[in-house]
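Remarks on the structure that follows.
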Amino acid sequence: MRKGLFPLLIIVASLFIVARLYYLQIIDEKYKLLAENNAIKIKYEFPERGYVYDRNGKLMVANQPSYDIMVVPREVRELDTLAFCEALNVTQEYFENQLLRAKNYSPFLPSPFLTQLNKKEFATFQEQMRRFKGFYIQKRHLRDYQTRSAANIFGDIAQVNRSEIKKNPYYKSGDLKGKNGIELAYEDVLKGTKGIKRAQVDKFGREIGPYKNGVYDTIAIKGKDITLTIDLALQEYGESLMVNKRGGIVALDPKTGEILALVTAPNYDPAILVGRERSKNYTQLHYDTLSRPLLDRGLMAEYVPGSPFKIVTALVGLQEGVIDEKTSFICNHGFNYGGGRRMRCHDSGNFSLKDAMRSSCNTYFASTYRKTIDKYKTGKEGMDVWSNHVKSFGLGDFLGYDLPTGRRGHIPDGDYYNRRYPNGRWGGTTTISNSIGQGEILTTPIQLATMMCAVANRGHYYTPHIIKSIEGKEIDKKFVTRQQTTIDPKYFEPVIEGLHAVYTAGTAQRLQIPDIDICGKTGTAENFIRIDGVRTQLTDHSIFVAFAPMKNPEIVIAVFVENGYWGSRYAGPIASLMIEKYLKGEITRTDLEERMYTETLEHEYEKPYSGQPFLINHNYIVKKADYDKTKQ
């Protein structure tokens, strides 16, 4: 028995080895492929990105050819570096740094050496390329913009970094990817699919023909075209009105939530972030810490909303039953509350809802707000009810739109004030500034535009979005899903009548547009920062929200002009002109247009601190020494 055990073990082990060899040599092709890969050179063919059109079919973004010099460090031999540097007009230091970076990435894989050559530079190098072993030309596509507007919407494309390569193996060193705007939001749609070509090489690294006659090669597939909701003519017009001003404009279609215009000022030509000058130009934009051209103020800037917020104050008061459309309050140039404090008002008289909206009476809305909060047993309970109503308009949240940037804003609730006043001694008068859109409230322009969509639609809105259609695909269903507010539709009519009166006989009566019934609300928001701990007031912001026509609205707009004095001085004219441009296609109020084109606010932004807070916030803190450094 023992004598036979050893030979049996020998036989079993031999059979196992034979079976393993058979598997490795006949069945498993892993090692065969590894061997073949050492004799195969893989080249990628990069697709064109999808084109971008506006809502009317106008081409906004196309492509142009570009050429990259790629290097495979292992293949660089017998190189005349002086001649090479002269051919590409680069320094010896640049050559050494780029070659070292490529080696660190991989000695065997191609890396970008010099990117985004134009046709002339490409032709010059191509004539001498055979002299420079290890280098080859990779054709790519860069963006070709058909407009000088909408840079904040488009975003840009740039080379992927190591973390992006690690997250997604599709990308290789030197690949281009959308970095912000729609280029980032719709990267998977726009980028297309790379083609792959495999060539056999000899032991000297020379190509000797396609691998297996090209049966494994694939062609590049162009990215899908997309159509945006943007009206390019309206976008360009809005940007022209905001020259020499800072702020944001958001125009929406209230019936769909489609973004018609998304203006931020100051802006820049998107073409400056294309080509070999991209890095230098981007750096200049990034380090402009005063005007902040890379900040999309329509989505990112948080402002106190001022008087436009009175619209929500009234609607919540109606829903809670503390007022009706006939309720009136007596105003004597102000509202007195808690401990002899006083909220000033520019008017006096006995105001009902329509009249209060028309003249923007602080006393009316402060009284309504206090009744709403104090209706409940505790301040926390009243504040939570109020906060939930306000948030149902899309305020205090990111909204869920399809652009990769934004701010939440701030709508306080009971817990917020319990933390702020831990003794519990607070109520409607403690937080009375909220009633007129000051206090602890912060909003972005796109949030106020969404709020006005809910008013225009008598109680509902759609999630704002910038995509209208994608070639061969459907857009996200959430963009066609109705969002309902907590306010009964019947309460919107008296508020809308008041907003119409703002134009016919109120604070915007000088901004009327012939043959268009506009409903709107002016706003003048106080602008505070803290300088070395001292709360300091700067020039007020000019705010305006509106929709038109009054019946069957087609456009909603929210305009913020930083340091613009009061609502009807800058924001109101800009809103009225853009409404007329969209609905009529032409401008009859050329007097307003001329004033917006010729007047500038640059003198305001040159004042100390005025341009510093890029997130406009009444509690923004500035150290004088830090600010002085930015002015040097």
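Just a few scattered comments:
- Top positive-direction residue, dipole computed over the stretch 232-367 with Cβ charges, set THR283, PHE365, ASN336: ASN336
- The charge dipole of the stretch 232-630, taken about the Cα centre with unit charges on the Cβ atoms of Lys, Arg (+1) and Asp, Glu (-1), comes to about 1140 debye, rounded to the nearest 20.
- Charge context of LYS58, other residues only, Cβ under 12 angstrom, K/R +1, D/E -1: -2
- Restricting the stretch 557-590 to GluC sites (Glu not before Pro) that sit in a DSSP loop and have at most 12 other Cβ atoms within 10 Å of their own Cβ leaves GLU586.
- Members of LYS179/LYS212; LYS245/LYS581; LYS41/LYS139; LYS255/LYS380; LYS191/LYS468 lying beyond 27 Å, as alpha-carbon distances in this model show: LYS179/LYS212; LYS255/LYS380
- Student exercise, the stretch 40-228 dipole from Lys, Arg, Asp, Glu Cβ charges, in Debye to nearest 20: 500 debye
- For GLU45, distant residues with modelled amide H under 5 Å away: GLY195, ILE196, LYS197
- Normalised by 2.2 N^0.38 Å, where N is the number of residues, the alpha-carbon radius of gyration of the stretch 40-228 equals 1.11.
- Working note: 222 nm ellipticity from helices only, DSSP H runs with n ≥ 4, each -39,500 (n - 2.57), summed and divided by the residues of the chain, gives -9500 deg cm²/dmol to the nearest 500.
- Cα-Cα P(r), the chain, percent of pairs per 20 Å interval: 17, 40, 25, 13, 4, 1
- Farthest toward positive dipole pole in the chain [+1 Lys/Arg, -1 Asp/Glu at C-beta], among PHE95, GLY459, LEU511: PHE95
- Cleavage-rule hits (trypsin sites (Lys or Arg not before Pro)) in the stretch 314-396: DSSP loop, at most 15 neighbouring Cβ within 10 angstrom: LYS326, LYS377
- Converting phi to 3J(HN,Hα) with the Karplus coefficients 6.51, -1.76 and 1.60 and the offset θ = phi - 60°, the stretch 400-411 yields x, 5, 9, 10, x, 8, x, 10, 7, x, 7, 10 Hz in sequence order, with x at every glycine or proline.
- Amide H partners (placed H, <5 Å) of ARG246, local residues excluded: GLU562
Read-outs throughout are calculated quantities, based only on the coordinates presented, and are distinct from any laboratory measurement. Everything numeric here is computed off the predicted structure, so don't read it as measured data. A quick note on method: Cβ atoms are made from the backbone with ideal geometry, for glycine too, and the neighbour counts reach across all protein chains shown.
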